[in-house]
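Some notes on the structure that comes next.
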Amino acid sequence: MLTKRIIPCLDMRGGKVVKGINFKNIKEVGDPPTMAIEYEHQGADEITFLDISASQEERATMLDVVTKTAEGLNVPLCVGGGIRTVQDVRNTLNAGADKVSINSAAVLNPDIITECSDAFGCQCIVVAIDGKWKDDHWEVVTHGGTRFTGIDAIEWAKKVEDLGAGEILYTSMDADGVKTGYDIKPTGLIADEVSIPVIASGGCGSKEHILEVFQQTNVSAALAASIFHYKEYTVQEVKDYLRDNGVCVR
């Protein structure tokens, strides 16, 4: 049985880790390198680092912060935000990232998924999908949750797999930051429709929510922020709880 992964997420703006609700009401919560190392010590399987305002501000990811964060880590680091070209991916990997997450650029130019997968290997390429319920379907939203695309999130997930993505990070905008649980239905549908790993994101407010998403969907990993940033649980406490409830974790 494949073990499930627990991934703390560091949303960054202006060089600091921040947290919001429904992609709004952003508050500063800490320093990226310090928090990443602490989460590794707690037992995190990976760290995800998202420069949440890079696409809106039409700038590249802050690579100096990526380098500082990566220097002290032994677990994989996935970096996203402001990744628009193959060269951006190369620069981010060279800065210390193990994986690169592409979101808005993939919607604007789907061929970038194939180009990057061919150049660096599919294991490096994560396609992030931000979805929001609209007009009887889950619609892909880009640029930090500010632009609706008209694209069905489930169909887009299948397409990005065909284009060469090695992993999908699905974030529910409806659930993001409200801490009432992952959006089980679209997350589960995506995980059932693709054969590559899917990471659940958006809405985690307790260890019970992580257990729920593992029990009710086929996701490979659960990403969380608030419960770790505000010290409600350590990563190890979550893993112990999952293990006690029959979930195979690392």
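The values are calculated or read from the model by the stated rules, or taken from the named source; none is laboratory data. Remember, predicted model here, so these are calculated numbers, not experimental data. Neighbour counts are summed over all protein chains in view; Cβ atoms, including those assigned to glycine, are modelled from backbone coordinates with ideal geometry. Surface accessibility is based on the protein's heavy atoms, side chains included, excluding ligands, DNA and RNA. Shrake-Rupley method; radii C 1.70, N 1.55, O 1.52, S 1.80 Å.
Descriptive notes on the structure:
- Of the residues T34, S195, G96, the one whose Cα sits farthest towards the positive end of the charge dipole of the chain is T34 (charges of +1 on Lys and Arg Cβ, -1 on Asp and Glu Cβ, taken about the Cα centre).
- Here the accessible area is traced with a 1.4 Å probe on the protein chains. For the range 131-183, carbon and sulfur cover 45 percent of it.
- Among beta bridges that DSSP assigns inside the chain, antiparallel share in %, nearest 5: 35 percent
- Note on R13: accessible area approximately 110 square angstrom, rounded to 10, probe 1.4 Å, nucleic acids and ligands left out.
- Across K134/K239; K4/K159; K185/K231; K68/K239; K158/K231; K159/K231, pairs whose alpha-carbon gap is larger than 32 Å: K134/K239; K158/K231; K159/K231
- Mean shadow area of the range 119-205, taken as a quarter of the surface of its Cα convex hull (nm²): 5.8 nm²
- Per residue accessible area of the range 121-238, 1.4 Å probe, in Å²: 37 Å²
- Gain on full stretching of the segment that runs from N94 to D192 - 0.36 nm per residue minus C-alpha separation: 31.9 nm
- Here each label is just a point 7 Å from Cα along the line to Cβ, and for E38 and T85 those points are 3.7 nm apart.
- Using only side-chain charges placed at the Cβ, +1 for Lys and Arg and -1 for Asp and Glu, the dipole size of the chain relative to its Cα centre rounds to 440 debye.
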